[in-house]
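Please treat every number below as a calculation from the coordinates, not as lab data. Please read these numbers as outputs of a predicted model, since none were measured by experiment. Reconstructed Cβ throughout: ideal geometry from the backbone, glycine too, with neighbour counts over all protein chains shown.
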Amino acid sequence: MLILLSPAKAMDFDNPVPKTAHSQPRFIDQALELVALMKTKSLTDLAQLSRISDELAALNAERWASFEVPFTTGNAAAAVFGFNGDAYQGLNVRERFGTADFTEAQKTLRILSGLYGLLRPLDLIQAYRLEMSTRLATNRGSNLYQWWGSQITDLLRADLAESPGSPVAVNLASAEYFRVIQPDSLGARIISPRFEDTDATGRRKVVSFYAKRARGEMAGWLIKQRARTPNAVLDFDAAGYRYDKAASTTAEPVFVRAFADRG
């Protein structure tokens, strides 16, 4: 069983990280081709490609210019520490994970990335901003979905064959990132949990901020529980969420949280 997460726009390369084993991105050659292309872009190009301010474009131009290999613990950080968005705050590996948990995560957690393709949590990365939906023209097409083609799916299929438990992918990634995967070629059952919050009036809906954090919470919970089967996913009960069988399907289990449970 594999757990899929999106990366995060927010990154943290300033705070110290625990000493853990680390690994190298397996698509580093493809990533370096993209880096070389991004280095040719002007500030205006960067701002338009990512739809960001000139200030953020300048920051990212600095990031591309300072990109260097080989990746070491001196110039890079493990992906699970470098990403710092809502899902990764829910994952909270700094406080929740011990050595055995990082070993488990390396086997079962995969992070989809516009630049790096597919990351294991302990793969070293350098700071970047390149969303999967970026319409970046390359020699393979007009966007990153065409750039990656079947490569990510092929590597995921190989990882699934070696992963512990059932051939299942628990999709906790956003639609933007999951779109790079070719489900029919994956050779696995795909489960895409849905997280709903109840407001003060009793209405249930997906709240983006809470849902992103819940994806990280579930990823961390599955790793800590050493989950191996689809049924194990249904037992998720962290952060006040509970499985709602009546609202669920086998492909999309629904987890709901009462207004008072947000804390």
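Computed values, structure above
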{"item": "Hydrodynamic radius (Kirkwood) for the stretch 2-262, which is based on Cα pairs only, to one decimal in Å", "result": "19.1"}
{"item": "Whole-Hz ³J(HN,Hα) from phi, Karplus 6.51 cos²θ - 1.76 cosθ + 1.60, for the stretch 201-214, glycine and proline x", "result": "8, x, 7, 9, 7, 7, 9, 3, 4, 5, 5, 4, 5, 5"}
{"item": "Between the stretch 111-129 and the stretch 160-201, the alpha-carbon center distance in angstrom", "result": "18"}
{"item": "Within the chain, helix-based [θ] at 222 nm, where runs of 4 or more DSSP H residues each add -39,500 (n - 2.57), nearest 500", "result": "-10500 deg cm²/dmol"}
{"item": "Neighbour-count ranking [beta-carbon atoms within 10 angstrom, fewest first] of Glu95, Glu176", "result": "Glu95, Glu176"}
{"item": "Shape of the stretch 98-221, Cα gyration tensor, a/c cut at 1.5", "result": "oblate"}
{"item": "Proximal lysines relative to Lys9, as straight alpha-carbon distance under 28 Å, when same-chain residues fewer than 8 apart are discounted", "result": "Lys19, Lys39, Lys41, Lys107, Lys205, Lys212, Lys224"}
{"item": "Segment Ser53-Asp199, length gained on full extension (0.36 nm per residue, minus Cα span)", "result": "49.2 nm"}
{"item": "Positive-end extreme of charge dipole, the chain - chosen from Ile190, Ala65, Gln89 (charges on Cβ)", "result": "Ile190"}
